Amino acid sequence: MTLLQSIPSWVKDCSFVLVTVAGGLWTLKKIRDAKNAHFAARKAHENLLQWSSTPKDVVILHTIGRGKTAPSPSPFVVKLETFLRMANIPYEMDFTSPWSSKAKTPWISLNGEHIADSQLIIEFLSKGLGLWRYVYSGGAGLSEFMAMSPSDLATFFRAANARVKTASWFQGVGRHDQDTVVEIMNANLEAVSRILGEKRFLLGEEPCAEDCSLFGFLVQVFWCAPGSPYKSFVEENLPNLKAYCGRMKTLFWDDWEKCLA
Ligand SMILES: N[C@@H](CCC(=O)N[C@@H](CS)C(=O)NCC(=O)O)C(=O)O
């Protein structure tokens, strides 16, 4: 008797229902895990009364610690910090309360107000990068740019892997196979490279707020994605993006080395 023949016929008859129920339960569990993590971070945030009286007109930028190869392993943080430097806004870093009321990093406190979200402009790009970093690569290379102990890194990777998989699935991009995601991501990078062209900055000779976003993401590709197909693609085919990162780094991050963990 083959394995297939040994399966009771009622199981075969109900297999569609069983698969649907199992899929539904898996999805519900993922949503519940994500909600639990969200509420835990929110609760931690609510206890943070100390951020209600901070030095006047000084932005407190709350985020996870510095990276080893770039000032932050978060594109949103590099984006925001570059913007603060570009706009000459005084700021201080806080690494003790990284999570916002929305359970995301970064967030800021300013004159008693707390604001979350750095305003994504390249949402899709980040999803492609996240999938590479926390799903496809199996976490290999994380220790090259994340300044964490091996055990913290392993815990962080497990959480990030589950959250990126779930988020990418619901967003949609996670339903493609890996080759398609890499293709889409590289096509996006190519489009950005074409938009930049020979210009010094996105909109011309002078840097603007949008450059902070682009730089935030490109820093992750160049400095925090060892072994990724994106890094090799950009290095081989899109030299203007590398030169652009060099310009932004020279202009706004002359203390880059000092900002590494
Ligand atoms: N829209 C937010 C996105 C921030 C964000 O997604 N940050 C990531 C770190 S790079 C995060 O907090 N992830 C944790 C999570 O999604 O649970 C912004 O622009 O600030």
*What helices (runs of 4 or more DSSP H) completely inside the stretch 1-112 contain at least 3 residues that are of a type in the set (Val, Ile, Thr) and at pLDDT 75 or above?*
15-46, 75-86
*Scanning for something within 9 Å of the ligand (Cβ to nearest atom), farther than 18 Å from residue 251 by Cα and of a type in the set (S, T, N, Q), does the stretch 82-98 turn up at least one residue?*
no
_Checking residue 254 against (1) touching a residue at least 24 places away in the same chain (Cβ under 8 Å); (2) of a type outside the set (Ser, Thr, Tyr); (3) not in a helix (DSSP H, G or I): exactly one of these is not met. Which one?_
(1)
*asked:* Could you go through the stretch 200-221 and let me know if any residue there is of a type in the set (S, T, N, Q), outside any loop (DSSP other than H, G, I, E, B) and either closer than 19 Å to residue 253 by Cβ or out of contact with any helix residue (DSSP H, G or I) (no Cβ under 8 Å at 6 or more places or on another chain) (or both).
replied: yes
_Tally, over the stretch 162-187, of residues that are outside any loop (DSSP other than H, G, I, E, B) and either in contact with a Gly (Cβ under 7 Å, 6 or more places away or on another chain) or acidic (Asp, Glu) (or both)_ = 9
*Could you give me the residue pairs with C-beta distances under 8 Å whose first residue belongs to the stretch 86-112 and is within 11 Å of residue 61 (Cα to Cα), whose second residue is away from the ligand (no atom under 13 Å from the Cβ) and of a type in the set (Lys, Arg) wherever it lies, and which are 6+ apart or on separate chains?*
95/66
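The values are calculated or read from the model by the stated rules, or taken from the named source; none is laboratory data. Small disclaimer: the values here were computed from a predicted structure and weren't measured. With ideal geometry, Cβ positions are generated from the backbone for all residues, glycine too; neighbour counts draw on all protein chains shown.
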